[in-house]
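Just so it is clear, none of the values below were taken in a lab; they were calculated from the coordinates. If you're wondering where the values come from, they're calculated on a predicted model, not measured in any experiment. A quick note on method: Cβ atoms are made from the backbone with ideal geometry, for glycine too, and the neighbour counts reach across all protein chains shown.
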């Protein structure tokens, strides 16, 4: 193994981060979460530029944030094809996390909606314009699967049922 400098390690971190389409601020946040102490975007800039030595724990945190093995920063040939695979995985993982949050928000709001409907006197609903009542009554049948199907297929309306 060659004698590698901080500048070379920093350049490799920058290359992997760039391949992952991750900003320095995002890397700093990820490293902060892993280290339990603040890493600022300026610190990442300085690490990547070789202007500041990288500590072992920072190197491990950067590797974990970038989903690669820390040894890859020292390899003669940085595995960019593998980095692209990991990048695609990270995109899916982020979208998955956002979907989980959205489903939880939807479930909570939908339960609240049904509770309000069930506890309301029917006369309150009857006072609404006809079109609004029809829409609200139809909303009782909304399902998450309907929204998933809508997202996957063109030609659906906004309530999760086929147009």
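Points 7 angstrom from Cα along the Cβ direction at residue 74 and residue 117: gap in nanometres?
Simple spin-label model gives 6.2 nm for this pair.
What full-extension length gain, to one decimal in nm, is calculated for residue 128 and residue 141 as 0.36 nm per residue of separation minus the Cα-Cα distance?
2.8 nm
For the stretch 22-100, what does the alpha-carbon gyration tensor say about shape, rounded, prolate or oblate, given a ≥ b ≥ c as the root eigenvalues, a/c under 1.5 as rounded, and a/b over b/c as prolate?
Working: a/c = 2.00, a/b = 1.20, b/c = 1.67.
It is oblate, given that a/c is not under 1.5 and a/b is not larger than b/c.
Classify the chain as rounded, prolate or oblate, taking a ≥ b ≥ c as the square roots of the eigenvalues of its Cα gyration tensor: rounded when a/c is under 1.5, otherwise prolate if a/b is larger than b/c and oblate if not.
Prolate.
Have a look at 118, 57, 72 and tell me which one the Gaussian network model of the chain (Cα, springs below 10 Å) gives the largest fluctuation.
118
So how tilted is helix 24-35 from the main axis of the chain? Cα-based, degrees 0 to 90, rounded to 10.
90
Can you put 133, 17 in order, fewest other beta carbons within 10 Å first?
Values: 133 13, 17 22.
Listed from fewest to most nearby Cβ atoms, that is 133, 17.
Stretch residue 40-residue 92 to full length: gain in nm at 0.36 nm per residue minus the Cα-Cα span?
Taking residue 40 through residue 92 to full extension adds about 16.1 nm, to one decimal.
For the pair residue 148 and residue 60, what calculated FRET efficiency results from E = 1/(1 + (r/R0)^6), where r is the Cβ-Cβ distance and R0 = 45 Å, to the nearest 0.05?
Details: r = 38 Å, r/R0 = 0.84.
The pair residue 60/residue 148 has a calculated efficiency of 0.75.
For the residues 134, 86, 16, what sequence is obtained by ranking on other C-beta atoms within 10 Å, fewest first? Write out the running numbers ahead of the final one.
Values: 134 11, 86 17, 16 26.
Sorted ascending by nearby Cβ count, the order is 134, 86, 16.
Assuming R0 = 35 Å, what is the FRET efficiency of residue 85 and residue 107, from their Cβ-Cβ distance, to the nearest 0.05?
0.60
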